[in-house]
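Reviewing the structure listed below.
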Amino acid sequence: MKALTRTRLLIAAGALAALPGLAAAHNYSYIEGGYLNRDFGADDESGFRIAGSGSLAPHFALIGEYADTGDLEQISAGGVGHTALNNSVDILAGVTYEHIEFGSADDNGFGVRGGLRWQNADGRLELSPQIRYVDFGDDDDTSVHVAGLYGLTNELDLVAAVQAAGDDDRVEAGLRYNFGPRHTGH
């Protein structure tokens, strides 16, 4: 009886492990950009950002962002792994190379991020909460970043996001263009 129970448990565990691969996933091939307001330490400046993601494999995408708010410029480039938990939720984790220029000073470092992408049943609303960590040698910061998207068409979304951290608070607003369907689950 024990061998039969273990066999059933292994079959059930294998079926559950396969479900995320069978579930639909979000689109990870897009470009977005727009307005950015950044409160970095004592400076509060506005500017712009452009970001994108390109799917390289079923569960991996390259990501990048350039942000410019006058005295502060930042480049992030890296990759993110993702998998569908069900038809409306993906879980993701990624790492980035970070370069920052603040006035005449510049620094290099790395970033780590993890979060979710959730889309409602009709596919027009998406929420994406993430925890982000950046390290520039002597300076590091952990923040919570929450983005919301509203689908205008299948390819075009309105994007708004807020980020709260010790020294780097952000407010973003803009547009996202999806290369392909926004979500394959509907």
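Figures for the structure shown
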read-out	value
Total residues in region 138-150, condition modelled with pLDDT under 95, of a type outside the set (Ser, Thr, Tyr) and open to solvent by less than 60 Å² (accessible area, probe 1.4 Å)	1
Count of residues meeting criterion [more than 14 Å from Ser128 (Cβ to Cβ), β-branched (Val, Ile, Thr) and either outside any strand (DSSP E or B) or in contact (Cβ under 8 Å) with a residue 40 or more places away in the chain (or both)] in region 54-92	2
Among (1) out of contact with any Ser or Thr (no Cβ under 8 Å at 6 or more places or on another chain); (2) over 14 Å from His26 (Cα atoms); (3) in contact (Cβ under 8 Å) with a residue 12 or more places away in the chain; (4) not aliphatic (A, V, I, L, M) - the single one Glu126 does not satisfy	(2)
In region 157-186, the residues that are at pLDDT 95 or above, under 14 Å from Tyr28 (Cα atoms) and either hydroxyl-bearing (Ser, Thr, Tyr) or open to solvent by 50 Å² or more (accessible area, probe 1.4 Å) (or both)	Tyr177
Any hit, region 80-89, residues being under 22 Å from Asp140 (Cα atoms), within 14 Å of the chain's Cα centre (by Cα) and of a type in the set (Val, Ile, Thr)	yes
Looking only at region 93-108, and only at residues there that are open to solvent by 60 Å² or more (accessible area, probe 1.4 Å) and touching a residue at least 24 places away in the same chain (Cβ under 8 Å), the one that is nearest to Asp39 (Cα to Cα)	Phe102
Of all residues in region 38-86 being of a type in the set (S, T, N, Q) and over 19 Å from Phe110 (Cβ atoms), the one that is surrounded by the most Cβ atoms within 10 Å (Cβ to Cβ)	Thr69
Residue match in region 24-37 (condition: open to solvent by 30 Å² or more (accessible area, probe 1.4 Å), more than 19 Å from Asp168 (Cα to Cα), modelled with pLDDT of 90 or more and not hydroxyl-bearing (Ser, Thr, Tyr))	yes
Of all residues making up region 108-134, the number that are within 17 Å of Gly64 (Cα to Cα) and of a type in the set (A, V, I, L, M, F, W, C)	4
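The values are calculated or read from the model by the stated rules, or taken from the named source; none is laboratory data. None of the values given here were measured: they were computed from a predicted structure. Counting neighbours? That spans all protein chains shown, and the Cβs are built from the backbone with ideal geometry, glycine included. Heads up: the accessible areas ignore ligands, DNA and RNA and are worked out on the full protein's heavy atoms, side chains in. Shrake-Rupley method; radii C 1.70, N 1.55, O 1.52, S 1.80 Å.
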